[in-house]
Amino acid sequence: MKPVLEVHELTQDFGGLRALNEVCLEVGEKEIVALIGPNGAGKTTFFNCVTGIYRPTSGSINLTVNNVTHSLIGKKTHEITALGMARTFQNIRLFSQMTVLENVMVGCHSRTRAGILSALLRDRRTRREEQETVDKSYELLKTVGLERQWDETACNLPYGDQRRLEIARALATEPHMLLLDEPAAGMNPNETRDLRELIKRLRDRYDLSVLLIEHDMSMVMSLSDRIYVMEYGSPIASGTPAEIRSNPDVIKAYLGESRDA
Amino acid sequence: MKRIVHALVAAVWFMVLCSPIMGLQIQPDKSVVFLWKRLAALGVGIFFASLLWQWYFSSQRASVSLRMPAAVTSAIGLFKQKKTRRAGLGILLVFMLLIPFLPVIGSIYQISILISALIYVMLALGLNIVVGLAGQLVLGYAAFYAIGAYTYALLTTYFGFGFWICLPIGGVMTILFGLALGFPVLRLRGDYLAIVTLGFGEIVRLMLLNWVSITGGSHGISNIPKPGLFGIDMDIQQATVYLYYLCVAAVIVAIVIISRLKNSRVGLALQALREDEIASEAMGINLTRVKLAAFALSSAWAGFAGVFFAAKTSFVNPASFTFMESAMMLSMVVLGGMGSITGVTLGALILILVPEYLRAFADYRMLLFGLVMVLMMIFRPQGLITGERRKYHVTALDGKGEAA
């Protein structure tokens, strides 16, 4: 079985700074993988490379969907999304002046076809497609538990709801691979627990593979099948939560070296 | 006491500021007369106006005053219901169609004012696509207007093409120019885009001004024919009325097309682009295509408006397409409320008709106009009509009644 996402020796330089140094990573089918590391380790840069926002200096990124492998190097962001990879953002990037429902509808963009001409004609097919988009978006809002707020303006939602809306919007692109950038940031313990259940539920329901960046260790340890650890742009460890917990390199990276050790 | 001091300071400050304009008068023999009385009157006026202003804002009504008056809100609420809205629009349309037959406002002079107002409505609606919906600040929109007008003017003088052939050609020409401008500026946004489009506007104007052998330079092109109607001869009154009806039709078509576009998948993508480029790209929107579409669709309306303008004035020269025009169109969009079709239409009508009908106040016309703009920016900086959003019908909610 080929992994859904396969990243091999990915390197990203910004001028003289090496933000990512030969990072290798794999995410299998229906697997939840966490990427952790101290601030500035290059986790978000990694996401930006994988989703085509940055152009990596070297390395390969392959996405396998329905047994067809696509190289993502040189592809544009919207093409990668169309192939079946969606993401959320660390600093929430909702369309803040649009309604909750419209945000999700925008996510359906790559799965719908209506062009300018059909917009002007508004024939039956266009209207049906539009109604389907509305209903599908509403269903997704239900999945993440935002259906009551569907007609609110996105920026009026509380922080935790905005994060969930980002997930719903990403799901609207019908992904096989979902990248979550700190989904639990700014959430209280209750919300975090709900989020954990939500991610598991989504994985089962939509057959998703999930790669998430997260700082909340209890969530990472209880949710993920495998964990990758990065420091200063380089991968330093990978393994199951139990292995990572006892790995001395990881402890050093997080807590620093103690002098009397 | 503090307020009185504040008002005094404001009064003195205004007197100082306005003294060169209002307080000095140069006589024919080049001696200067000081008009103290006028300055004093100004000071007293400002003093009381300032007191009034402070009283208005200090009292509890401040929060109330910032909202629309109740009558307006309820009228808007009434307008939102489908039935009353249809009826209202119907009455408006009938009124528009009857205008040429009414006394006083049915005169040629009044109708040509209305024609130019309608042309500006078309321009503002077009600019609204790229500025209001897609959020790309374009400051050279008058260039497209000019291209439309000159397309008609040149084709009719050199090849004798008529209005009806030139209307689509004008649209196509501006779409081509819109794409030509769109390609290099794909990566730019905000201020940088504004500067490039400003430059584009000036390039087009200067080209028209200096390419004397073809465009006639600042003398412009005259004797542009009015639109024909199956070869029927019309006197000037009839021709004007006919053009007026054409403009009404064109504006209605523009409103229908643009509102359909706004509510479509493409329109949604444009609005997403306005909110966040990176996020919309990550949602699978092809930025290149959507941005170019915005430029092309928007400039087409300027092309049509340009052809109508050339037909109306039967004379074009580069002076009609200065940066002031672009700024005016942008103000219409901003004043009306970015993205709102009703708002932008109102904005255009207000900005053209108010200065026109303020001619009675001759000297103070621009002063009043400026005052209206300043007040507008204080009380409704987001534009006349905002928060206009589409109602979606969710099938799953059918059984539960209308949830809001």
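I'm trying to understand the selection: among the residues of region B:286-301, which are polar (S, T, N, Q) and touching a residue at least 60 places away in the same chain (Cβ under 8 Å)?
B:T288, B:S298, B:S299
Listed here are the residues, each with its yes/no results for (1) more than 24 Å from A:T173 (Cα to Cα); (2) outside the structural domain of A:D225 (by TED's automatic domain parsing); (3) over 14 Å from the mean Cα position of the chain (by Cα); (4) part of a strand (DSSP E or B).
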{"site": "A:Q12", "(1), (2), (3), (4)": "yes, no, yes, yes"}
{"site": "A:Y54", "(1), (2), (3), (4)": "no, no, yes, no"}
{"site": "A:N62", "(1), (2), (3), (4)": "no, no, yes, yes"}
{"site": "A:H70", "(1), (2), (3), (4)": "no, no, yes, yes"}
{"site": "A:K75", "(1), (2), (3), (4)": "no, no, yes, no"}
{"site": "A:E79", "(1), (2), (3), (4)": "no, no, yes, no"}
{"site": "A:M105", "(1), (2), (3), (4)": "no, yes, yes, no"}
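B:I285 passes all but one of (1) farther than 18 Å from B:G339 by Cβ; (2) outside any helix (DSSP H, G or I); which number fails?
(1)
Pairs needed: first member in region B:274-285, within 7 Å of chain A (Cβ to nearest Cβ) and without any contact (Cβ under 8 Å) to a residue 60 or more places away in the chain; second member anywhere, of a type in the set (D, E, K, R) and assigned to a helix (DSSP H, G or I); C-beta distance under 7 Å; at least 6 residues apart or different chains.
What qualifies is B:M283/A:R169.
Among what's in region A:120-148 and is more than 25 Å from A:T192 (Cβ to Cβ) and outside any helix (DSSP H, G or I), pick the residue that is nearest to the other protein chains (Cβ to nearest Cβ).
The qualifying residue nearest to the other protein chains (Cβ to nearest Cβ) is A:R122.
Might you check whether a residue that is over 17 Å from B:A294 (Cα atoms) and free of Cβ contacts under 8 Å to residues at least 24 places away in the same chain occurs anywhere in region B:169-179?
Within region B:169-179 (the criterion being over 17 Å from B:A294 (Cα atoms) and free of Cβ contacts under 8 Å to residues at least 24 places away in the same chain), the answer is yes, since at least one residue qualifies.
How about region A:41-56: which of its residues are touching a residue at least 40 places away in the same chain (Cβ under 8 Å), of a type outside the set (K, R) and more than 9 Å from every other protein chain (Cβ to nearest Cβ)?
A:A41, A:G42, A:T44, A:T45, A:F46, A:F47, A:V50, A:Y54, A:P56
Quick check: is even one residue across region A:17-35 modelled with pLDDT under 90 and in a loop (DSSP other than H, G, I, E, B)?
No - not one qualifying residue is present in region A:17-35.
With respect to B:A194, is the statement that it is in the same structural domain as B:P318 (by TED's automatic domain parsing), loosely packed, with under 13 Cβ neighbours inside 10 Å and not charged (D, E, K, R) true?
no
The rows are residues; the columns are (1) away from chain A (no Cβ under 14 Å); (2) surrounded by fewer than 19 Cβ atoms within 10 Å (Cβ to Cβ); (3) of a type in the set (A, V, I, L, M).
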residue: B:G336; (1), (2), (3): yes, no, no
residue: B:I352; (1), (2), (3): yes, no, yes
residue: B:F361; (1), (2), (3): yes, yes, no
residue: B:I385; (1), (2), (3): yes, no, yes
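Would it be correct to say that A:R163 is within 14 Å of another protein chain (Cβ to nearest Cβ), over 16 Å from B:V266 (Cα atoms), basic (K, R) and buried (at least 23 other Cβ atoms within 10 Å of the Cβ)?
Numbers: within 14 Å of another protein chain (Cβ to nearest Cβ): yes; over 16 Å from B:V266 (Cα atoms): yes; basic (K, R): yes; buried (at least 23 other Cβ atoms within 10 Å of the Cβ): yes.
Judged against the criteria, A:R163 is a match.
Looking only at residues that are of a type in the set (G, A, S) and loosely packed, with under 15 Cβ neighbours inside 10 Å in region B:198-216, which one is farthest from the chain's Cα centre (by Cα)?
Looking at the filtered set, the residue picked out is B:S213.
Looking at B:F295, is it within 14 Å of another protein chain (Cβ to nearest Cβ), aromatic (F, W, Y), assigned to a helix (DSSP H, G or I) and more than 21 Å from B:M96 (Cα to Cα)? Don't jump to the end; show me each part of the working.
Numbers: within 14 Å of another protein chain (Cβ to nearest Cβ): yes; aromatic (F, W, Y): yes; assigned to a helix (DSSP H, G or I): yes; more than 21 Å from B:M96 (Cα to Cα): yes.
Here the answer is yes, as B:F295 does meet what is asked.
Does B:V138 satisfy being buried (at least 24 other Cβ atoms within 10 Å of the Cβ), touching a residue at least 60 places away in the same chain (Cβ under 8 Å), outside any helix (DSSP H, G or I) and not charged (D, E, K, R)?
Here the answer is yes, as B:V138 does meet what is asked.
Mind checking which pairs have a first residue in region B:392-404 that is at the interface with another protein chain (Cβ under 10 Å from one of its Cβ atoms) and a second that is assigned to a loop (DSSP other than H, G, I, E, B) and modelled with pLDDT under 75, Cβ under 8 Å, 6 or more apart or different chains?
Matching pairs, first to second residue: B:L397/B:A403.
Give A:E31, A:E6, A:E22 a once-over and let me know the one that is touching a Ser or Thr at 6+ places or on another chain (Cβ under 9 Å) and under 18 Å from A:T81 (Cα atoms).
The match here is A:E6.
Being more than 7 Å from chain B (Cβ to nearest Cβ) and at pLDDT 90 or above is the filter; apply it to region A:95-112 and report the residue that is farthest from B:A279 (Cα to Cα).
Filtering first and then ranking leaves A:V100.
Restricting the search to region B:1-15, which residues are aliphatic (A, V, I, L, M) and surrounded by 12 or more Cβ atoms within 10 Å (Cβ to Cβ)?
Within region B:1-15, B:I4, B:A7, B:L8, B:V9, B:A10, B:A11, B:V12, B:M15 meet the criteria.
Which residue is surrounded by the fewest Cβ atoms within 10 Å (Cβ to Cβ), if the candidates are limited to region A:57-94 and must be within 7 Å of chain B (Cβ to nearest Cβ) and basic (K, R)?
A:R93
Would you call A:D207 more than 21 Å from A:A170 (Cα to Cα) and not aromatic (F, W, Y)?
No; evaluated as a whole, the condition is false for this residue.
Do we find a residue being at pLDDT below 90 and not hydrophobic (A, V, I, L, M, F, W, C) anywhere in region A:201-217?
yes
So which residues in region A:107-119 are buried (at least 16 other Cβ atoms within 10 Å of the Cβ) and more than 18 Å from A:A170 (Cα to Cα)?
Matches in region A:107-119: A:A114, A:I116, A:S118, A:A119.
Quick one: which helices (runs of 4 or more DSSP H) sit completely within region B:313-388 and have at least 1 residues that are basic (K, R)?
B:365-379
The values are calculated or read from the model by the stated rules, or taken from the named source; none is laboratory data. Because the structure is predicted, anything quoted here is derived from the model rather than measured. Note that each Cβ is placed from the backbone with ideal geometry, even for glycine, and that neighbours are counted across all protein chains shown.
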